[in-house]
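Asks: This is the structure I have questions about; it appears just below.
Readers should treat all values here as calculations from the given coordinates under stated rules, not as data from a laboratory. These figures come from a predicted structure and were not determined experimentally. Positions of Cβ are generated from backbone atoms using ideal geometry, with glycine treated the same way; all protein chains shown enter the neighbour counts.
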Amino acid sequence: MAVFLVTFELAAPAHNLAMVEAIKQMSWTQLGPTTYAVSTEETDEVLFYRLRAFTQDKDSLYVVLLRKPYRGMGFREVNYWLEDNLRW
């Protein structure tokens, strides 16, 4: 499975909730208020277009492949999730 960074900025609060619900259907960890790492069997393209359904014209959405090595510091649960899910 691949791990992707998903980050978004949505104007409509109702869309934020729907986006987060869609993200939480996968294995995930939250890196910031609207930034998640997700593990999925989907390709970046399939994931992007599935999540894009929750966006409007002036919103932003990025889906970026994550791999080892990586560096970061933060919550222990996030660090454990990244260590368990990221591949070389």
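Asks: Just to be sure I understand the model, the point goes 7 Å from the Cα along the line to the Cβ. What's the resulting E9 to D84 distance in nm?
Replies: The two pseudo-label positions are separated by 3.2 nm.
Asks: Taking +1 at the Cβ of each Lys and Arg and -1 at the Cβ of each Asp and Glu, which of V38, N79, M26 sits farthest along the dipole of the chain towards its positive end, judged by Cα position relative to the Cα centre?
Replies: Highest projection toward the positive end goes to N79.
Asks: Let me ask something additional. If R₀ is 30 angstrom, what is the calculated FRET efficiency for the pair S60 and E21, using the beta carbon separation as r and rounding to 0.05? Intermediate results must be reported in sequence, preceding the final value.
Replies: Working: r = 19 Å, r/R0 = 0.63.
It comes out at approximately 0.95.
Asks: Oh, and also: About its Cα centre, what dipole magnitude does region 1-80 give when the only charges are +1 on Lys and Arg Cβ and -1 on Asp and Glu Cβ, stated in debye to the nearest 20? Don't skip to the end; give the middle numbers.
Replies: Numbers: 8 positive and 9 negative charges, 66 e Å.
Charge dipole of region 1-80: 320 debye, to the nearest 20.
Asks: In addition: Quick check on the chain: of the DSSP beta bridges with both residues there, what percent are antiparallel, nearest 5%? List each step's numbers first, then the result.
Replies: Details: 18 of 18 bridges.
Counting DSSP beta bridges with both partners in the chain, the antiparallel share is about 100 percent.
Asks: Each label point is 7 Å from the Cα along the Cα-to-Cβ direction; what then is the distance between the points at E45 and F75, in nm?
Replies: In this crude label model, E45 to F75 measures out at 3.4 nm.
Asks: Of (i) 12.8, 37; (ii) 35.6, 121; (iii) 17.8, 52, which one was derived for Rg and Dmax of the Cα atoms in Å from the structure shown?
Replies: (i)
Asks: Same structure, new question: Do the sum for the chain: with -39,500 (n - 2.57) for every DSSP H run of n ≥ 4, divided by all residues, what is the mean residue ellipticity at 222 nm, to the nearest 500 deg cm²/dmol? Don't skip to the end; give the middle numbers.
Replies: On the way: 3 runs with 30 residues, N = 88.
The helix contribution divided over the chain gives -10000 deg cm²/dmol.
Asks: In addition: E9: net charge of surrounding residues, Cβ under 12 Å, Lys/Arg +1, Asp/Glu -1, itself excluded? Walk me through the numbers before you get to the answer.
Replies: Values: positive: K58; negative: D59.
Local charge sum for E9: 0.
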